[in-house]
Amino acid sequence: MSAAWLALLKQHRSIAVIRALELAVGIEMANATAAGGMRLIEITWNSDRPHHLIQQIQNDLPDCVIGAGTLRSTDEVQQAIEAGAQFLFSPHTDFSMIEAAVRREIPIVAGALTPTEIMRASQAGAACVKVFPIQAVGGASYIRSLQEPLGEIPLIPTGGVTIDNAAEFIRAGAIAVGLAGQLFPKQAIETGDWSIVEARSKQLVENLRSV
């Protein structure tokens, strides 16, 4: 399970994080980023009807891998799995949540920040560790500084990753990066100009292709 997930991350290197206040908007966001070439899409659990959103996007975009994020309890982990989520993200480390995901053989990425937190999340069974918020602790240089002591733990920085600096994080040692607002600017969402999202997604994919 983890090996297949890690292979996907190494292949695609980026995850589009969708937080949608309306289900229909979430579908458009997913379609646009997929049109730009992204294949890993996370639906945050504080989106409008996230279980329906996951199922609809899976039907619409069979070439994409759809997961759930911003999961904060074991109940939400179970709900996301029942909805068909193929991977899970949490902003924190909760051992019971990790155990629930591992038991169902769904890769879970637990949130952590310090070396101690990162190690504990990994030892508990997290498939990867989400280093969040990365901007607050030095960006790519922080990921680079973790490589010598913790280089065997796959890290996914979020919270400060941009289209322009995404490749720097991969070069620093991250296995992949997660982007939300950078892909989905407020103006594009409000006006429904999905060409902006598609173009940003395409640029991100292109920037990461050479890494």
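Assuming Val161 fulfils every condition listed in (1) at pLDDT below 95; (2) closer than 24 Å to Arg19 by Cβ apart from one, which condition is it?
Of the numbered conditions (1) at pLDDT below 95; (2) closer than 24 Å to Arg19 by Cβ, the odd one out for Val161 is (1).
Quick check on the range 99-145: of everything there that is assigned to a helix (DSSP H, G or I) and within 18 Å of Ala4 (Cα to Cα), which residue is farthest from the chain's Cα centre (by Cα)?
Across the range 99-145, the extreme among qualifying residues is Arg103.
Quickly run through the range 9-26 and pick out the residues that are in a helix (DSSP H, G or I), under 15 Å from the mean Cα position of the chain (by Cα) and surrounded by 19 or more Cβ atoms within 10 Å (Cβ to Cβ).
The one that is in a helix (DSSP H, G or I), under 15 Å from the mean Cα position of the chain (by Cα) and surrounded by 19 or more Cβ atoms within 10 Å (Cβ to Cβ): Leu9.
Look through Ser2, Ser14 and report the one residue that is at pLDDT below 95 and farther than 15 Å from Gly84 by Cα.
None of the other options fit; the residue is Ser2.
Go through (1) more than 19 Å from Thr33 (Cα to Cα); (2) in a helix (DSSP H, G or I); (3) among the acidic types (Asp, Glu); (4) at pLDDT 95 or above and name the single condition Glu152 misses.
So Glu152 meets the others, but not (2).
Exactly one of these conditions fails for Leu113: (1) out of contact with any helix residue (DSSP H, G or I) (no Cβ under 6 Å at 6 or more places or on another chain); (2) touching a residue at least 60 places away in the same chain (Cβ under 8 Å). Give me its number.
The one condition Leu113 does not meet is (2).
Name, by its number, the condition in (1) in a loop (DSSP other than H, G, I, E, B); (2) within 14 Å of the chain's Cα centre (by Cα) that does not hold for Ile163.
Only one criterion in (1) in a loop (DSSP other than H, G, I, E, B); (2) within 14 Å of the chain's Cα centre (by Cα) is unmet by Ile163, namely (2).
Only one of these is assigned to a loop (DSSP other than H, G, I, E, B) and buried (at least 18 other Cβ atoms within 10 Å of the Cβ): Met38, Met29. Name it.
Met38 is the lone residue from the list that is assigned to a loop (DSSP other than H, G, I, E, B) and buried (at least 18 other Cβ atoms within 10 Å of the Cβ).
Out of the residues in the range 52-80 that are touching a Phe, Trp or Tyr at 6+ places or on another chain (Cβ under 9 Å) and more than 27 Å from Asn207 (Cβ to Cβ), state the one that is surrounded by the most Cβ atoms within 10 Å (Cβ to Cβ).
So, considering only residues that are touching a Phe, Trp or Tyr at 6+ places or on another chain (Cβ under 9 Å) and more than 27 Å from Asn207 (Cβ to Cβ), the one surrounded by the most Cβ atoms within 10 Å (Cβ to Cβ) is Leu71.
Which condition from (1) buried (at least 17 other Cβ atoms within 10 Å of the Cβ); (2) closer than 29 Å to Val77 by Cα; (3) modelled with pLDDT of 95 or more; (4) not basic (Lys, Arg) is the one that Gln123 breaks?
All conditions are met except number (1).
Which residue pairs have Cβ atoms closer than 8 Å, lie 6 or more positions apart in sequence or on different chains, and pair a first residue in the range 63-83 that is free of Cβ contacts under 8 Å to residues at least 24 places away in the same chain with a second residue that is assigned to a helix (DSSP H, G or I)?
Final answer for the pair search is Gln78/Ala100.
Report the residue count in the range 157-179 for those that are in contact with a Pro (Cβ under 9 Å, 6 or more places away or on another chain) and of a type in the set (Gly, Ala, Ser).
The total comes to 6.
Each row is one residue, and each column tells you yes or no for (1) touching a helix residue (DSSP H, G or I) at 6+ places or on another chain (Cβ under 7 Å); (2) surrounded by 22 or more Cβ atoms within 10 Å (Cβ to Cβ); (3) farther than 22 Å from Thr70 by Cα.
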| position | (1), (2), (3) |
| --- | --- |
| Gln147 | no, no, yes |
| Ala166 | yes, yes, no |
| Ala172 | yes, no, yes |
| Ala180 | no, no, no |
| Pro185 | yes, no, no |
| Glu190 | no, no, yes |
| Ala199 | no, no, yes |
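Give the residues of the range 52-97 that are within 27 Å of Glu117 (Cα to Cα) and assigned to a loop (DSSP other than H, G, I, E, B), sorted by residue number.
Thr70, Leu71, Arg72, Ser73, Ala85, Gln86, Phe87, Ser90, Pro91, His92, Thr93, Asp94
Which pairs turn up if I take residues in the range 45-58 that are under 20 Å from Ser90 (Cβ atoms) and look for partners that are in a loop (DSSP other than H, G, I, E, B) and among the polar types (S, T, N, Q) with beta carbon separation below 7 Å, at least 6 apart in sequence or on another chain?
The qualifying pairs are Trp45/Thr70; Asn46/Thr70; Leu53/Ser47.
The values are calculated or read from the model by the stated rules, or taken from the named source; none is laboratory data. Nothing here was measured: the structure is a model prediction, and the numbers come from that model. No Cβ is skipped: glycine too gets one built from the backbone with ideal geometry, and neighbour counts run over all protein chains shown.
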